[in-house]
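What follows draws every value from the coordinates through simple rules; no lab data is involved. Everything numeric in this text was worked out from a predicted model, so none of it was measured. Reconstructed Cβ throughout: ideal geometry from the backbone, glycine too, with neighbour counts over all protein chains shown.
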Amino acid sequence: MGLIRAAHEGRVAAQSDQAQRWRAETQLRHASAKAGWKPSDLPTGLDDEVYRREIQPRLKVIKLSSLASALGISIPYAVDIRKGRRVPHRRHWLTLAQLTLGDKHTQV
């Protein structure tokens, strides 16, 4: 019964006013970052093919906490990115290239 009660309390807490404010603030931050990003922010040569072939396979050695912190994302989203189930917004690719490839594709 303790686990059931804890699960219920967790669901209630996740819908609290404070939790909803935090989610709204995060969504606004991400929307603002997307709106301010330009494709020209990526270095030449850092494209879909490089992401798929060189960056994504190397993500499996990056700690989830490091990945989430570097991109400002949640651990569950970091799991999906690392497993290749999700492709992060291109504004994150330079950071991911720096984490996985070093300076190889980070020159603007």
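Scanning the stretch 71-87 for residues that are touching a Leu at 6+ places or on another chain (Cβ under 9 Å) and under 15 Å from ARG29 (Cβ atoms) yields a total of 3.
So that you can scan it fast, the table gives a plain yes or no per residue for (1) among the aliphatic types (A, V, I, L, M); (2) surrounded by fewer than 16 Cβ atoms within 10 Å (Cβ to Cβ):
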residue	(1), (2)
ALA14	yes, yes
ALA19	yes, yes
GLU25	no, yes
LEU28	yes, yes
ILE55	yes, no
SER69	no, yes
ARG91	no, no
THR100	no, no
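Within the stretch 75-94, residues that are in contact (Cβ under 8 Å) with a residue 40 or more places away in the chain reach partners that are surrounded by 13 or more Cβ atoms within 10 Å (Cβ to Cβ) with beta carbons closer than 6 Å, at six or more positions or on different chains, in the pairs ARG91/TRP37; TRP93/LEU46; TRP93/TYR51.
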